[in-house]
1. Conditions first: (1) of a type outside the set (D, E, K, R); (2) free of Cβ contacts under 8 Å to residues at least 40 places away in the same chain; (3) under 23 Å from GLY117 (Cβ atoms); (4) in contact with a His (Cβ under 7 Å, 6 or more places away or on another chain). LEU57 passes all but one, so which condition is the exception?
2. Which residues, taken from the stretch 25-43, are more than 15 Å from ARG178 (Cα to Cα), buried (at least 17 other Cβ atoms within 10 Å of the Cβ) and of a type outside the set (D, E, K, R)?
3. For the stretch 63-79, state whether one or more residues are among the acidic types (Asp, Glu), under 18 Å from PRO186 (Cβ atoms) and touching a residue at least 12 places away in the same chain (Cβ under 8 Å).
4. For the stretch 98-143, give me each residue that is under 14 Å from the mean Cα position of the chain (by Cα), surrounded by fewer than 18 Cβ atoms within 10 Å (Cβ to Cβ) and among the aromatic types (Phe, Trp, Tyr).
5. So which residues in the stretch 131-146 are touching a residue at least 12 places away in the same chain (Cβ under 8 Å), of a type outside the set (Gly, Ala, Ser) and in a helix (DSSP H, G or I), if there are any at all?
6. Of the residues THR154, THR171, which single one is in contact with a Leu (Cβ under 9 Å, 6 or more places away or on another chain), under 20 Å from GLY77 (Cα atoms), surrounded by 21 or more Cβ atoms within 10 Å (Cβ to Cβ) and of a type in the set (Ser, Thr, Tyr)?
7. Name the one entry in GLY93, GLY63, GLY53 that is touching a Pro at 6+ places or on another chain (Cβ under 6 Å) and either aliphatic (A, V, I, L, M) or surrounded by 18 or more Cβ atoms within 10 Å (Cβ to Cβ) (or both).
Amino acid sequence: MALETHRRRVEVERNTLETQIRIALDLDGVGRSSFQTGVPFLEHMLDQVARHGLIDLEIHAQGDLHIDAHHTVEDIGITLGQALSKALGDKRGIRRYGHAYVPLDEALSRVVVDLSGRPGLVYGVDYTRAQIGAFDVDLFQEFFQGLVNHAAMTLHIDNLRGTNAHHQAETIFKAFGRALRMAVEPDQRMSGITPSTKGAL
């Protein structure tokens, strides 16, 4: 049985005392995005994921930004992970694995995805400065940790080189979008088959 595209369009809401988040996700989109999060640099990065991953992504978030952006960024990662898990369903017929190298001027990053059903993050990034504008770069790891925990994916992120922190971050998110796109793509030779010797992911 081929992948049913209607199952790959989902909406997820997550509401806590700290944040209220709604995400609409279409894994078979064209790269459209719309964001209202109050965290502009994160929105810039998520736009890279949508555009290079060819997914349609809409995120509305309200959080306790008067404290800082930590809860909002982490909870967007959590909710996006939940949306990915829901959109992928039983994962029959997908490629499962994806990888990408992306350069931007002096920066180069590698991202490898396994939609394994097991959460795991290896994050090898040493930013050249602690903030990009008003954005604390430590929050990117919190975003990806929340995402992998709730998408149940294994994710390896390595910034191989770079001196400009903006470029470092942008290559990571572009590579993540392209690796995710590869991993979620339908594989005609795997049609109706779960890509695991265990028979489940």
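1. LEU57 satisfies every listed condition except (4).
2. Listed by number, the residues that qualify are LEU25, SER33, PHE35, THR37, VAL39, PHE41, LEU42.
3. No: the stretch 63-79 contains no residue that is among the acidic types (Asp, Glu), under 18 Å from PRO186 (Cβ atoms) and touching a residue at least 12 places away in the same chain (Cβ under 8 Å).
4. TYR123
5. LEU139, PHE140, GLN141, GLU142, PHE143, PHE144, GLN145
6. THR171
7. Going through GLY93, GLY63, GLY53 in turn, the sole match is GLY93.
This table checks each residue for (1) of a type in the set (Gly, Ala, Ser); (2) in contact with a helix residue (DSSP H, G or I) (Cβ under 9 Å, 6 or more places away or on another chain); (3) free of Cβ contacts under 8 Å to residues at least 24 places away in the same chain; (4) closer than 22 Å to ASP136 by Cα.
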| site | (1), (2), (3), (4) |
| --- | --- |
| THR16 | no, yes, no, no |
| THR19 | no, yes, no, yes |
| ARG22 | no, yes, no, no |
| ASP26 | no, yes, no, no |
| GLY29 | yes, yes, no, no |
| ARG32 | no, yes, no, no |
| THR37 | no, yes, no, yes |
| LEU42 | no, yes, no, yes |
| LEU46 | no, yes, no, yes |
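The values are calculated or read from the model by the stated rules, or taken from the named source; none is laboratory data. Bear in mind that the values here come from a model prediction, so they are computed numbers and not experimental data. Positions of Cβ are generated from backbone atoms using ideal geometry, with glycine treated the same way; all protein chains shown enter the neighbour counts.
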